[in-house]
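**Student:** Can you read through this structure? Questions will come right after.
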Amino acid sequence: MNRSNAPVAGVVPPPFPLSALVGQDALRDALLLVAVDPSIGGVLVSGPRGTAKSTAARSLAELLPDGHFVTLPLGASEDRVVGTLDLDEALRGGEVKFSPGLLARANNGVLYVDEVNLLADALVDVVLDAAASGINVVERDGISHSHAARFVLIGTMNPEEGELRPQLLDRFGLMVQLENCFDAEIRQRIVKVRLAFDSDPHALRASYEHEQQRLAQRIREARASLPELGFADDVHDTISTRCIDAAVDGLRADLVMLRAARALAALESAAVVTSEHVERVAQFVLRHRRRDSAERSPRGAGEAHRPSSGESPGDERRSKPGQSDEGGGSSRDDTDADWGYLPPEPTGMLNVKGVIPLSAKKR
């Protein structure tokens, strides 16, 4: 081995080429879509350990025009993420002094959040807001400051360590679910290319330099052509049908699917967005938003009987008090149908045995 190419302790090695990634075509495709249009809202990569989640995230940054990569650590404070304002200077009548945070540093690059499911919900919410809008707003005691925060958001997680809340999960634009590979041939190819990279990263990167340049050029051209792509009515019809079939909540899935289909069309230098583009990105958009049959039902298996349109809420109790689901009777009468219910009685006329009236005591 050439000693000049050996890894040096304390020096971060160059990123693994995205074009050299083996067996993760879906992951590569999703990353390219958000690279073309960051307003998609980022991509969430879920999978077990050792499935190239972090490797792929770092590989994407060098394909972007600015090419910088920012990592958001789990222990980061809100001020470190969004930035801080010098309130004393502002109150003295001076200009607002803003100290940039990680969102500002990630502008035009990649913001990577490893184990995003373990990050505080409030921080995830802030990051997702900025990823979708492209703007970060910092407000402190009535003073606000905003700056551009157009970055490609990549979050990774291992489902064995917990899940994201549904409200946050839905706000990620795309999701890729990685699985362990049990194909012997693919496993061998992955190991060989990884060993080659570890042995001499510069030599491996040189062998993929042409493909890397081609990918970077595709992203630049796709970004430039994105605003010019139009949508026909059949595209909207396909999107609505797919989202309705998946019983998604709200309209975020429709908007994300439209943007993702447009990004795919731009990557392929297509003249217009077609229903085929929609079908190819639908899996990324609906994977974390699709609801199963139990969730789609207006009434769950354990939900109580709802009165019909011609039945008042009280009729259910009065019709067959105490009757079980199997149709068996009960020894309770109508007055016991409501547990804890007591019929009203006139005050002062209750005859309680053993209690001597006060008037009798005086006599």
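Yes or no, residue by residue, for (1) touching a helix residue (DSSP H, G or I) at 6+ places or on another chain (Cβ under 9 Å); (2) within 23 Å of residue 64 (Cα to Cα); (3) at pLDDT 95 or above:
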position: 246; (1), (2), (3): yes, no, yes
position: 256; (1), (2), (3): yes, yes, yes
position: 261; (1), (2), (3): yes, yes, yes
position: 267; (1), (2), (3): yes, yes, yes
position: 281; (1), (2), (3): yes, yes, yes
position: 292; (1), (2), (3): no, no, no
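**Student:** When you look at residue 114, is it in contact with a strand residue (DSSP E or B) (Cβ under 8 Å, 6 or more places away or on another chain), among the charged types (D, E, K, R) and touching a residue at least 12 places away in the same chain (Cβ under 8 Å), yes or no?
**Tutor:** It is true that residue 114 is in contact with a strand residue (DSSP E or B) (Cβ under 8 Å, 6 or more places away or on another chain), among the charged types (D, E, K, R) and touching a residue at least 12 places away in the same chain (Cβ under 8 Å).
**Student:** While we're here: Looking at the structure I just gave you, is residue 109 on the phi > 0 side of the Ramachandran plot and not polar (S, T, N, Q)?
**Tutor:** No.
**Student:** I need a count of the residues in the range 282-294 that are outside any loop (DSSP other than H, G, I, E, B) and under 18 Å from residue 250 (Cβ atoms).
**Tutor:** 4
Yes or no, residue by residue, for (1) surrounded by 15 or more Cβ atoms within 10 Å (Cβ to Cβ); (2) of a type in the set (Lys, Arg):
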position: 49; (1), (2): no, yes
position: 63; (1), (2): yes, no
position: 74; (1), (2): no, no
position: 97; (1), (2): no, yes
position: 109; (1), (2): yes, no
position: 119; (1), (2): yes, no
position: 134; (1), (2): no, no
position: 148; (1), (2): no, no
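**Student:** Just to check your reading of the model, which residue among 226, 215, 204 is under 27 Å from residue 289 (Cα atoms) and touching a residue at least 24 places away in the same chain (Cβ under 8 Å)?
**Tutor:** 226
**Student:** Now, a different point. Name, by its number, the condition in (1) at pLDDT 95 or above; (2) at positive phi that does not hold for residue 162.
**Tutor:** Just one mismatch for residue 162, condition (1).
**Student:** Could we say that residue 144 is of a type in the set (Gly, Ala, Ser), out of contact with any His (no Cβ under 6 Å at 6 or more places or on another chain) and surrounded by 12 or more Cβ atoms within 10 Å (Cβ to Cβ) here?
**Tutor:** Answer is no for this residue.
**Student:** Condition first: farther than 22 Å from residue 129 by Cα and part of a helix (DSSP H, G or I). Now tell me which residues in the range 24-57 satisfy that.
**Tutor:** If the condition is that a residue be farther than 22 Å from residue 129 by Cα and part of a helix (DSSP H, G or I), then 25, 26, 27, 28, 29, 53, 54, 55, 56 are the ones that fit.
**Student:** Given (1) surrounded by fewer than 18 Cβ atoms within 10 Å (Cβ to Cβ); (2) under 30 Å from residue 85 (Cβ atoms), identify the lone condition not met by residue 192.
**Tutor:** (2)
**Student:** From the list 123, 118, 111, pick out the single residue that is aliphatic (A, V, I, L, M), at pLDDT 90 or above and under 13 Å from residue 57 (Cα atoms).
**Tutor:** Matching residue, one of 123, 118, 111: 111.
**Student:** Where the second residue is among the acidic types (Asp, Glu) and the first is assigned to a loop (DSSP other than H, G, I, E, B) and lies in the range 73-84, which pairs have Cβ atoms under 7 Å and are six or more apart or on separate chains?
**Tutor:** Correct list of pairs: 74/115.
**Student:** Within the range 49-63, restricting attention to residues that are within 20 Å of the chain's Cα centre (by Cα) and farther than 15 Å from residue 178 by Cβ, which residue is modelled with the lowest pLDDT?
**Tutor:** Applying the filter and picking the extreme gives 58.
**Student:** Considering every residue within the range 245-252, establish whether at least one is among the aliphatic types (A, V, I, L, M), within 28 Å of the chain's Cα centre (by Cα), crowded, with 17+ Cβ neighbours inside 10 Å and assigned to a strand (DSSP E or B).
**Tutor:** No, there is no match, as no residue in the range 245-252 is among the aliphatic types (A, V, I, L, M), within 28 Å of the chain's Cα centre (by Cα), crowded, with 17+ Cβ neighbours inside 10 Å and assigned to a strand (DSSP E or B).
**Student:** Something else: Is there a residue in the range 83-101 that is modelled with pLDDT of 90 or more and either acidic (Asp, Glu) or under 24 Å from residue 46 (Cα atoms) (or both)?
**Tutor:** Looking for residues that are modelled with pLDDT of 90 or more and either acidic (Asp, Glu) or under 24 Å from residue 46 (Cα atoms) (or both), one finds none in the range 83-101, hence no.
The values are calculated or read from the model by the stated rules, or taken from the named source; none is laboratory data. Just so you know, these numbers come straight off a predicted model, no measurement behind them. Because the Cβ atoms are built from the backbone with ideal geometry, glycine has one as well, and the counts that use them run over all protein chains shown.
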